[in-house]
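Participant: For reference, the structure I am asking about is given below.
FYI, it's all coordinate maths here, none of it is from the lab. Computed from a predicted model, the values in this text were never measured in an experiment. When we count neighbours, we look across all protein chains shown, and the Cβ atoms used for this are built from the backbone with ideal geometry, even at glycine.
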Amino acid sequence: MSRYALLLAPSANRVYADQAGRLTRAELAAFSGALTTPLTDVAEATIGGVGYVTFEGVLEPRDVALLSNLSSGYALFELLPDELLRPVTLTPLARYDSDLITIPKYAGKTNEQFTKLVLNLALLASASAGRMLNARLTVCDPLAGRGTTLNQALMYGYDGLGIEIDGKDVEAYKLFLQTWLKRKRLKHTADLVPVRRQGRRAARRLEVTLAASKEDHKAGDIQKVTLIQADTTQLDGLLRPNCADVIVADLPYGVAHGSYDDAGGIRRSPLDLLERAVPEWVTLLRPGGAMGLSWNTKVAKRELAEDILRANGLEPVAHEDLSHRVDQGIERDVIVARA
């Protein structure tokens, strides 16, 4: 058994960076169950004046490939006597250049490292955990905004499916993704078309197809992103059932953004949104699928959110504490539940 030291990636968000060590320990615990041998003695350590997360384990090549996708992982070393570090080559799922994730900047954007963390937790809790490295999975974000989760799905080589009520966000995502794909000279199509339900226009659908290279395109290795402009609580007829392997969503924090109730008013608590939306979201999950949700605990209690998930046939998955401060008005936490 060897001891390893994980160097954490820098974060533009200082508050998040200050808590990255503790969050990485919790994420490692989730990954541990998918490894050949569970990790032990996970701790934070300072080596040469730099912070690391250290652990013991026996890492086979597939284990290294899995851990290469840790949301805050930057470099991995085998820790030798006298605090000498031997680099371990990482092979992350990174189908495209990282600026697909890092370029978009806008008010309300979820930290991309945190988005990756929640996606990882949902994948590891799902029946697709064993196929995480080599399958074309489908990731759904039913509160897609401008597509941070969808872009992370593309980075992993997956398909993305999103629902977003704000037409300006849908158009902004289309403009960004098209511009990025053209600049990278990648084969793609992008169409924004109306969707009709019972003879009436019910939504708009953005459909993007893309390939990571000309060779992939010729071979038919093509990914797809679908973003539907619609109310996430009223999806009947817009999406087929059992179309997603995992669902990942960052609920409105109730500070700058809230959720709409049936009368069109704004509510700070996301619980009303969950009560109306989870029955719709559950129908999208394939058997064995999982849901990862983040929210502001200052406006909604965890136990109430878990009650809503259980009432809709989902079972919360235990994980280490992931609660952390975002700013003065937001204390964020994560719930993961399995269908």
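Participant: Pairs to check: LYS116/LYS184; LYS109/LYS174; LYS187/LYS218; LYS105/LYS174; LYS184/LYS218; LYS174/LYS224. Give those whose C-alpha atoms are more than 21 Å from each other in this structure.
Facilitator: LYS116/LYS184
Participant: In nm, to one decimal, how far is the modelled label at ARG86 from the one at THR179, with both set 7 Å along Cα→Cβ?
Facilitator: Between ARG86 and THR179, the label points sit 4.7 nm apart.
Participant: Can you say what percent of the DSSP beta bridges in the chain, counting only those with both residues inside, are antiparallel? Round to 5.
Facilitator: In the chain, approximately 75 percent of DSSP beta bridges are antiparallel ones.
Participant: Find how many whole Å separate the alpha carbon centroid of segment 299-323 from the alpha carbon centroid of segment 91-135.
Facilitator: Each part's Cα centre sits 22 Å from the other's.
Participant: Does segment 2-88 come out rounded, prolate or oblate by the C-alpha gyration tensor, with a ≥ b ≥ c the root eigenvalues, rounded set by a/c under 1.5 and, if not, prolate when a/b is larger than b/c and oblate if not?
Facilitator: Oblate is the answer for segment 2-88, as a/c is 1.5 or above yet b/c matches or exceeds a/b.
Participant: Rounded, prolate or oblate: which fits segment 83-163, taking a ≥ b ≥ c as square roots of the Cα gyration tensor eigenvalues, rounded meaning a/c under 1.5, else prolate when a/b beats b/c?
Facilitator: Judged from the Cα gyration tensor, segment 83-163 comes out oblate (a/c at least 1.5, b/c at or above a/b).
Participant: Only counting other Cβ atoms within 10 Å, I'd like CYS243, CYS140 sorted with the fewest neighbours first.
Facilitator: Neighbour counts put them in this order, fewest first: CYS243, CYS140.
Participant: Once the other residues with Cβ under 12 Å from the Cβ of PHE114 are scored (Lys, Arg +1; Asp, Glu -1), what is the net sum?
Facilitator: -1
Participant: On to the next question. Among TYR74, TYR253, what is the fewest-to-most ranking by other Cβ atoms within 10 Å?
Facilitator: TYR74, TYR253
Participant: If you don't mind, there's one more thing I want to ask. In whole Hz, with x marking every Gly and Pro, tabulate ³J(HN,Hα) for segment 127-138 from phi via Karplus 6.51 cos²θ - 1.76 cosθ + 1.60, θ = phi - 60°.
Facilitator: 5, 8, 4, x, 10, 4, 8, 9, 10, 8, 7, 10
Participant: Give the label of the value calculated from the structure for log10 I(q)/I(0) by the Debye sum over Cα atoms at q = 0.07, 0.12, 0.14 Å⁻¹, choosing from (i) -0.42, -1.00, -1.21; (ii) -0.40, -0.85, -1.04; (iii) -0.29, -0.86, -1.17.
Facilitator: (iii)
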